[in-house]
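Trainee: One structure follows; several queries about it will come next.
The values are calculated or read from the model by the stated rules, or taken from the named source; none is laboratory data. Just so we're clear, the structure is a prediction, and the values are computed from it rather than from any experiment. Here Cβ is always computed from backbone atoms with ideal geometry, including for glycine, and neighbour counts include all displayed protein chains.
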Amino acid sequence: NTPDDLQGHGTFVAGIIASNHTTYRGIAYGVNLINAKCLASNGEGLEDWILNAIEWAVAEVTDPAEIINTSFGTNEIDPDGQSRFTKAIDKFIDLYDIAWATAAGNKDQETGSLRLNVPGDIFNGLTVGAINDKNTVQRSDDTWADFSCVGPTEDGRFKPDIVAPGVGITSVGIDGTLRVGDGTSFSTPLVAGALALIAPVLIQKFYHEWYLAARALLTNSADDWGTVGPDNYTGWGYMNLYNAWGTRDFIIIDEIMEGDSLPYSIYAENGSLVKITVVWDRHYKSTIGSEILFYNLSNLDITVYSSDGKLINYNYYESKNVIQVSFVANVTDYYNIFVEAEFVDSDLEEETFAIASSAPLYKGIVAANLTVSLTLPSTAYDSEIVVANVTVENTGDDLISGIYLNVSMSKGLSLYNQNLPIYLGDLQAHETVNVKVYLKSNDIGSQKVKAIVYYVLGEMILRGVALKSINIVDDDTDPPEIGQAQIEGQLIILRSITIRVEITDDSGISSAVLYYRAGNSEITENENDGYVELKYDPSQKVYYAELSIKLEWIGKTVYFRIKAVDNDNDRLNDTEVAWSDVFSIEVPLTINMGIILIPILLILIIGVAIMMKRK
C-alpha cells in the first residue's frame, strides 16, 4: 500500500548503484532509478507481483527502464530455463531490448545447498555470483565467496555468467545510516551499475541492440578466474570495467542465416592473449494461455585461423547461447575469425548476435597484402571542407584486381560532392594509389573516419582498414553584438520614429528583428504586440526600422527589444542568437493633438477652398 521500503533490502541495493555518499558512492551515481516495489515487508512475494512490476517499469512509465536489477530468487524451482518466471524474464528482455542482471542466490542456511536460484537460469541476461575481495585493492587475493550459488543449470549451461564483489559491501539502510552486507544480492547491482555506465556509449552505437553488445562486452572483458575457462563458480569471469572500457569499440552486431559463415578479422600482437565471445538471445515467439513459447535456440560456432589459413582454435567453451574462444597469438598479424550457423529456426530465418573481442575487430577478412593508410588534420573548423588522404598499396608480389574504396564516418561528418564506393581498379605488385575524399561537418567534437579497401578472392572478401579521428571546432561561437539603440523623431510633432542600432558578428548577420510591446517590458518571440524586420544601411553600417506611432500607444510606455541571428550556417543549428536589453519610449497624451489636428486642418482648408470657388 506504500512505495516506501519497509524492509531495507531494496534501499541497500539501490544505494550500491546510485548512492551519492561522498565515501560510499554508487557505481553509477546520478543514474535515474525506478522504484518498482513488488515484495511485502518480509521480503517475500508472488511471482505475478514481480512480473507486473517489471512490465510496468519497461512498458508503462514515462521514461521506461533500460536496465533491470533483480536481487532475489528461489531455490524451490528447478533451474532449467523452463519455469514460467524465467521464461517471462527472457521474454521481457527479447521484446523490450533491456539489459538484465540477476542474482545467482546464496547458500541455503538450512540445507547448505548451493543450488542455483531461479531466475538465475535465464538465457538472455547476466546471472551474477559473488567474489570475496578481502577488502584489498589488489585482486590477487580475491576468492570465490563460499555462499555464492553455483551452476550448472539443469540443461547444462554454465552459471553464473559473471562475478563481482559481494562480501563486506557498504550501502545505506532505510534509516539513512550506513550498513554492511554480504550476498549475491549486493554483487548483482555492481553489474547493473556497470551496465548503466556503458549504456550511453553502446546505445549511441547499437541503438536498440545495445543490451546484446553489453552482455557480450562484460562477458568477454571479465578476468578469467579460478579454473582456466568458464566454470560453475565464477562463470565467464570476474567483471573488469577497465577492460570493458578499453575494448568497447571491439564489438560488432551482425545477422546470420542457417548454413552461413561470416568472416571477421582481429589484429593481435605476438604473445598477446586474445579472447572472443559471441552471444545471442532465446527469442520469444508467442503466448498460448499461460504458456510462453520460444523459437528453437540457434546453434552458432566460432573458428579462428591464421592469415595463411592454419587452424588456430575453435569454440571450446559453449553454453547454449554463449560461446567463447581464446588463444595466444604466435605472431603479430591479422587472424581470421569465422562465425558459422549450424542451426537457425526456419521460422526465425536469421539470428542476430553480438561478437566481442579483446583485440581490434573488423568485419571481413583483412588482406595482408593490401594496406591502407589514412591521414586527416587533427582539427578543422566546421566551415572547412575536410580532406581525407587515403593511400592504398599492394605490398605483395602479385596483381590485385577489382579494388574498391569505401569510407564510413561519424554522424558529425558527411561526404561532400562524391559517391561511394570508389572503384580503384587493379594494382600491380608494390603499386600505390592515392585518393582524396572530401568531407563536410555536420556537428562539432571528435569525429571518426574509417577507410576500407576491399576486393573479392573466390568467395571471400578481403579488406584493409584504417581509422582516424578529427576534432571539429565551431568557427564562430560568439553571438552577435548589439549596440545601444538610438531613437529618432519628435513624438509631439511627428507620427513616426526611426530606431537605429549597430549589430556586428564575425560571420555577418542573417536577420535582425525589432519586437515591441505597449505597457509591458516582458518581450520574447511569443510575447509581444508585433515586430518589424530591421533593414541595413551600408553607408552608416547600422540597422534601422521606421515605425508609425499607433493610437493604442498614446499615453503609454512602449518597450522594444531586438533579436539578432548571425550568418554562421556551416551546419544544422550552427547559428548564434543574441537579444538586446529592453529599451523604451514614453508616448505622451499630447501627441493626440498632433495626430488629430492635422486631418482636421486639412478638412477646414479644403472646405474654405470650396466656398471661395463658389463665390
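Trainee: For a quick check of your reading of the model, give me the residue pairs whose first member lies in the range 391-409 and is at positive phi, whose second is in a strand (DSSP E or B) and exposed (fewer than 14 other Cβ atoms within 10 Å of the Cβ), with beta-carbon atoms closer than 8 Å and at least 6 apart or on different chains.
Mentor: Sorted first by the residue in the range 391-409, then by its partner, the pairs are Gly402/Gly425; Gly402/Asp426; Gly402/Val456.
Trainee: Something else: Which of the residues that make up the range 318-333 are surrounded by fewer than 18 Cβ atoms within 10 Å (Cβ to Cβ) and farther than 22 Å from Lys363 by Cβ?
Mentor: Lys320, Val328, Asn330, Val331
Trainee: Given the structure, is Val407 in a loop (DSSP other than H, G, I, E, B), out of contact with any Phe, Trp or Tyr (no Cβ under 7 Å at 6 or more places or on another chain) and among the β-branched types (Val, Ile, Thr)? So that I can check it myself, show each step before the final result.
Mentor: Numbers: in a loop (DSSP other than H, G, I, E, B): no; out of contact with any Phe, Trp or Tyr (no Cβ under 7 Å at 6 or more places or on another chain): yes; among the β-branched types (Val, Ile, Thr): yes.
In short, no.
Trainee: Being of a type in the set (Val, Ile, Thr), over 24 Å from Ile509 (Cβ atoms) and at pLDDT 90 or above is true for just one of Val473, Val465, Val449, Val456. Which residue is that?
Mentor: Details: Val473 fails: over 24 Å from Ile509 (Cβ atoms); Val465 fails: at pLDDT 90 or above; Val456 fails: at pLDDT 90 or above.
One residue alone meets the criteria, Val449.
Trainee: Going by the structure shown, is Asp108 exposed (fewer than 14 other Cβ atoms within 10 Å of the Cβ), of a type outside the set (S, T, N, Q) and more than 35 Å from the chain's Cα centre (by Cα)? Steps first, please.
Mentor: Numbers: exposed (fewer than 14 other Cβ atoms within 10 Å of the Cβ): no; of a type outside the set (S, T, N, Q): yes; more than 35 Å from the chain's Cα centre (by Cα): yes.
Spelling it out, it is not the case that Asp108 is exposed (fewer than 14 other Cβ atoms within 10 Å of the Cβ), of a type outside the set (S, T, N, Q) and more than 35 Å from the chain's Cα centre (by Cα).
Trainee: Report every pair of residues separated by at least 6 positions or lying on different chains whose Cβ atoms are under 7 Å apart, first residue within the range 306-318 and within 13 Å of Thr277 (Cβ to Cβ), second surrounded by 13 or more Cβ atoms within 10 Å (Cβ to Cβ) and acidic (Asp, Glu).
Mentor: Listed by first residue and then by second, the contacts come to Asn315/Asp301.
Trainee: Taking the options Gly181, Gly156, Gly168, Gly193, name whichever one is at positive phi and under 34 Å from the mean Cα position of the chain (by Cα). Reasoning before the result, please.
Mentor: Numbers: Gly181 fails: at positive phi; Gly156 fails: under 34 Å from the mean Cα position of the chain (by Cα); Gly193 fails: at positive phi.
On inspection, the qualifying residue turns out to be Gly168.
Trainee: Exactly one condition in (1) crowded, with 24+ Cβ neighbours inside 10 Å; (2) assigned to a helix (DSSP H, G or I) is false for Val201; which is it?
Mentor: Among (1) crowded, with 24+ Cβ neighbours inside 10 Å; (2) assigned to a helix (DSSP H, G or I), Val201 violates only (1).
Trainee: How many residues does the range 268-316 contain that are among the hydroxyl-bearing types (Ser, Thr, Tyr), farther than 15 Å from Glu340 by Cα and buried (at least 17 other Cβ atoms within 10 Å of the Cβ)?
Mentor: Going residue by residue through the range 268-316, those that are among the hydroxyl-bearing types (Ser, Thr, Tyr) are 272, 277, 284, 286-287, 290, 295, 298, 303, 305-307, 314, 316.
Those still in the list that are farther than 15 Å from Glu340 by Cα too: 272, 284, 286-287, 290, 295, 306-307.
Keeping just the survivors that are buried (at least 17 other Cβ atoms within 10 Å of the Cβ) gives 284, 295.
Adding up the residues that qualify gives 2.
Trainee: Right, next: Scanning the range 40-80 for residues that are among the aromatic types (Phe, Trp, Tyr) and not in a loop (DSSP other than H, G, I, E, B), which turns out modelled with the highest pLDDT? Break it down into steps so the answer makes sense when it comes.
Mentor: Applying the first criterion (among the aromatic types (Phe, Trp, Tyr)) to the range 40-80 yields 49, 56, 72.
The next check asks that each one be not in a loop (DSSP other than H, G, I, E, B); those that pass are 49, 56.
Numbers: Trp49: 83, Trp56: 88.
So the residue we want is Trp56.
Trainee: I would also like to ask the following. Applying the selection to the range 432-446, what residues are hydrophobic (A, V, I, L, M, F, W, C) and modelled with pLDDT under 95?
Mentor: Kept after step one, since they are hydrophobic (A, V, I, L, M, F, W, C), are these residues of the range 432-446: 433, 435, 437, 439, 444.
Ile444 - this is the single residue of the range 432-446 that is hydrophobic (A, V, I, L, M, F, W, C) and modelled with pLDDT under 95.
Trainee: Now for a different question. Just one of Ser548, Ser496, Ser510, Ser521 is surrounded by 14 or more Cβ atoms within 10 Å (Cβ to Cβ) and among the small types (Gly, Ala, Ser); which is it?
Mentor: Details: Ser548 fails: surrounded by 14 or more Cβ atoms within 10 Å (Cβ to Cβ); Ser496 fails: surrounded by 14 or more Cβ atoms within 10 Å (Cβ to Cβ); Ser521 fails: surrounded by 14 or more Cβ atoms within 10 Å (Cβ to Cβ).
Going through Ser548, Ser496, Ser510, Ser521 in turn, just one is surrounded by 14 or more Cβ atoms within 10 Å (Cβ to Cβ) and among the small types (Gly, Ala, Ser): Ser510.
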